[in-house]
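The block underneath contains the structure these notes are about, expressed in structure tokens.
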Amino acid sequence: MTFVVVGAGAIGSAIAARLAHGGQDVTLVVRDAARAALIERDGVTCEEAGETITGHPAVSDRVPDTPADVLVLAVKAAALPGVAATLPAAIGRDTLVVPLVNGIPWWFRLGRADRAEPLRAVDPDGTLTRRFAPAQIVGSVVYTTAMMQAPAHVTVTQRQSLVIGAIGSDSRDKVAALARVLAACGIDVTVSDRIVDAVWAKAALNLATNPLSVVAEAGLGDLCSDARLVPIVSNILDETWRVAARYNACPPMTRDEMLGRGRLAGAFRTSMLEDYLKGRPLELSSIADAVFEMADEIGMDLPVSRAIVDMARFRAGTRFPEKQA
């Protein structure tokens, strides 16, 4: 398969390294010229689960003109509309689009019989909904704790793990074929017939841990094990699942299993805490606001979730006011 990976952060770099090391035809889009030259020369090194591998993807500063078999979008949700404008040449009729985003993704309502309006929090003017056909999208959930150690060196604390699923029945065979390729490259992949449930599970974990990590300046392991923080995380998990249940979602994991997954990450800092410490805008549109929007639609209040998100916004706004506007 031919892959284009847009987004050369920790997740995109780790996936590109695995795919290239596994013999796939991979192009990694890297905007920074110095970093691109380094990756072109040395490849991307990935330390993962006691193993160190180096993959040598092709490097480009823009999305290639030739359509790929698989387009991986490893960028933050807020960046997707801008990225989408650069993609037309890379998307052919048979291209699979794999968005690796936190929280509730823009495609969440695609394929529904009621043709619900796009979620304003993640697709305010409907650009993404119009741009991608449901049959092309591979619903995906990332359970990978990865950090860049150097411009061409990424560390994954456990194994790269993805849950993927077709949005519509037309693409199920293609999704199954993609899963086989990912697995052959060393990525732990599960194909779900209820990808929406898997998204809700990760969205609950994102909402329960990311904003609180900013408020407490705590790693994921502490958030899911410290006696002072676990009740807050648990309350937010429960609030999110009450919303999900009203949308007919069934949790694929128990609360204890979710907390256990977080504990395994140890001192790993959430992406939102990393953004906060580096003065970058917090990724709250998909992680928090989309959940709140869906809760508002059914008249459900989320008091603990909203309080923690408000505190995270306050902390970020007072520390870096010019970057949180």
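Numbers below:
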read-out: Residue that is farthest from the chain's Cα centre (by Cα) [pool: residues in the stretch 55-66 that are part of a loop (DSSP other than H, G, I, E, B) and among the β-branched types (Val, Ile, Thr)]; value: THR66
read-out: Helices (runs of 4 or more DSSP H) fully within the stretch 177-252 counting 2 or more residues that are assigned by TED's automatic domain parsing to the domain that holds GLU297 and β-branched (Val, Ile, Thr); value: 195-216, 230-246
read-out: Which numbered condition VAL233 misses (of (1) touching a residue at least 40 places away in the same chain (Cβ under 8 Å); (2) touching a Leu at 6+ places or on another chain (Cβ under 6 Å)); value: (1)
read-out: From ARG280, ARG263, residue being basic (Lys, Arg), in a loop (DSSP other than H, G, I, E, B) and free of Cβ contacts under 8 Å to residues at least 60 places away in the same chain; value: ARG280
read-out: Checklist (1) modelled with pLDDT of 95 or more; (2) touching a Phe, Trp or Tyr at 6+ places or on another chain (Cβ under 9 Å) applied to ILE308, failing item; value: (2)
read-out: Residue within the stretch 139-146 that is on the phi < 0 side of the Ramachandran plot and free of Cβ contacts under 8 Å to residues at least 24 places away in the same chain present; value: no
read-out: Total residues in the stretch 28-61, condition touching a His at 6+ places or on another chain (Cβ under 9 Å) and either without any contact (Cβ under 8 Å) to a residue 40 or more places away in the chain or among the charged types (D, E, K, R) (or both); value: 6
read-out: The stretch 249-284, subset buried (at least 17 other Cβ atoms within 10 Å of the Cβ), small (Gly, Ala, Ser) and closer than 19 Å to THR157 by Cα, residue modelled with the highest pLDDT; value: SER271
read-out: Residue check for THR52: among the β-branched types (Val, Ile, Thr), in contact with a Ser or Thr (Cβ under 9 Å, 6 or more places away or on another chain) and either buried (at least 24 other Cβ atoms within 10 Å of the Cβ) or not in a strand (DSSP E or B) (or both); value: no
read-out: Residue within the stretch 29-42 that is part of a loop (DSSP other than H, G, I, E, B) and on the phi > 0 side of the Ramachandran plot present; value: no
read-out: Qualifying residue in the stretch 95-110 (condition: over 14 Å from the mean Cα position of the chain (by Cα), part of a loop (DSSP other than H, G, I, E, B) and closer than 29 Å to PRO281 by Cα); value: yes
read-out: Looking only at the stretch 160-183, and only at residues there that are touching a Gly at 6+ places or on another chain (Cβ under 8 Å) and not aliphatic (A, V, I, L, M), the one that is surrounded by the most Cβ atoms within 10 Å (Cβ to Cβ); value: GLN160
read-out: Residue match in the stretch 142-152 (condition: part of a strand (DSSP E or B), within 24 Å of ALA179 (Cβ to Cβ) and in contact with a strand residue (DSSP E or B) (Cβ under 7 Å, 6 or more places away or on another chain)); value: yes
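Table: residues versus (1) touching a Phe, Trp or Tyr at 6+ places or on another chain (Cβ under 7 Å); (2) over 22 Å from ALA36 (Cβ atoms); (3) of a type in the set (A, V, I, L, M).
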{"residue": "ALA68", "(1), (2), (3)": "yes, no, yes"}
{"residue": "LEU71", "(1), (2), (3)": "no, no, yes"}
{"residue": "ALA74", "(1), (2), (3)": "no, no, yes"}
{"residue": "VAL83", "(1), (2), (3)": "no, no, yes"}
{"residue": "ALA89", "(1), (2), (3)": "no, no, yes"}
{"residue": "ARG93", "(1), (2), (3)": "no, yes, no"}
{"residue": "LEU96", "(1), (2), (3)": "no, yes, yes"}
{"residue": "LEU100", "(1), (2), (3)": "no, no, yes"}
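The values are calculated or read from the model by the stated rules, or taken from the named source; none is laboratory data. In this text the structure is predicted, and so the values were computed from the model without any measurement. Please note: Cβ atoms are built from the backbone with ideal geometry, for glycine as well, and neighbour counts cover all protein chains shown.
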